[in-house]
Amino acid sequence: MQNIVLIGFMGTGKSTVGKRLAQALAWDFVDTDNEIGEITNLSVTEIFRRHGETRFRSEESIVVARLSQLDHIVIATGGGTVLNPLNWKALAHKGTVIGLHASLEEILNRIGHKNDRPLLKGSKEEIEKLWSERQGCYAQADYMIDTSQKNIDEVVSEILTILRRLNNNEFSGIAND
Ligand code: S3P
């Protein structure tokens, strides 16, 4: 196994879990949204506002292509990254893909008070539509974890258990928290 790729809808905890997981593995952590911010010098919100989603997706694919060449990193993707089959293929080629799931209610609870995401500005119905449309894609992950009722430590520990099962030698010495 060379990389771990976290996918899932906005608010499922990809970045927080990814950081903690990378610490536990002593691997580097990369967040595709942060990388896009670094190369464009703009926040995700600003890219959407000034240049639109198409430009954001094209920057995202450039970042994915580069990250997919690296080894032993934990990658937290944006919620829409793997909807592009080419991104999925590149990330999955060298990585174990772990899908983080959360119910729509839980997601709305989590992001409710600090919602700066351009694609979550619509009505509850619009968000629900986006969430529903994407579930089939996320479900193709190598492993799915329902985070709805779990805290970060529990999710990280579940991923570490999966990794130990997958590769006893490489991960046998990793602490469980
Ligand atoms: C998006 C998710 C966001 C960010 C952008 C688009 C999406 O990332 O990439 O706003 O299409 O779901 P997070 O999932 O980290 O919020």
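What follows draws every value from the coordinates through simple rules; no lab data is involved. It should be emphasised that the depicted structure is a prediction, and the values quoted were computed from it without experimental measurement. Note: ideal-geometry Cβ built from the backbone for every residue, glycine included; neighbour counts use all protein chains shown.
Using only Cα atoms, find the angle between the long axis of helix 152-166 and the longest principal axis of the chain, and express it within 0 to 90 degrees, rounded to the nearest 10. The answer is roughly 50 degrees.
For each of 123, 58, 148, count neighbouring Cβ atoms within 10 Å of the residue's Cβ, then give the residues from fewest to most. Write out the running numbers ahead of the final one.
Working: 123 8, 58 12, 148 15.
Starting with the residue having the fewest Cβ neighbours, the order is 123, 58, 148.
Treat the count of other C-beta atoms within 10 Å as a stand-in for reagent exposure and order 103, 61 from fewest to most. Sorted ascending by nearby Cβ count, the order is 103, 61. Mean projected area of the convex hull spanned by the Cα atoms of the stretch 33-115, taken over all viewing directions: 6.2 nm². Does anyone have the angle between helix 124-138 and the longest principal axis of the chain? Alpha-carbon axes, 0 to 90°, nearest 10? Helix 124-138 and the main axis of the chain meet at about 40 degrees. With only the Cα atoms considered, the stretch 24-177 has a convex hull volume of 123 Å³ per residue.
With the charge dipole of the stretch 43-160 set up from +1 on Lys and Arg Cβ and -1 on Asp and Glu Cβ about the Cα centre, the Cα lying farthest toward the positive end among the listed residues 132, 64, 103 is that of 64. Rounded to the nearest 20 debye, the dipole size of the stretch 26-177 about its Cα centre is 380 debye, using +1 on the Cβ of Lys and Arg and -1 on the Cβ of Asp and Glu.
Cβ crowding within 10 Å, taken as a proxy for footprinting-reagent exposure, orders 10, 144 from fewest neighbours to most as 144, 10.
Antiparallel DSSP bridges in the chain: what percent, to the nearest 5? Let's see the in-between values first.
Numbers: 0 of 17 bridges.
Roughly 0 percent of the beta bridges in the chain run antiparallel, per DSSP.
Against the main long axis of the alpha-carbon atoms of the chain, helix 14-25 sits at an angle near 20°.
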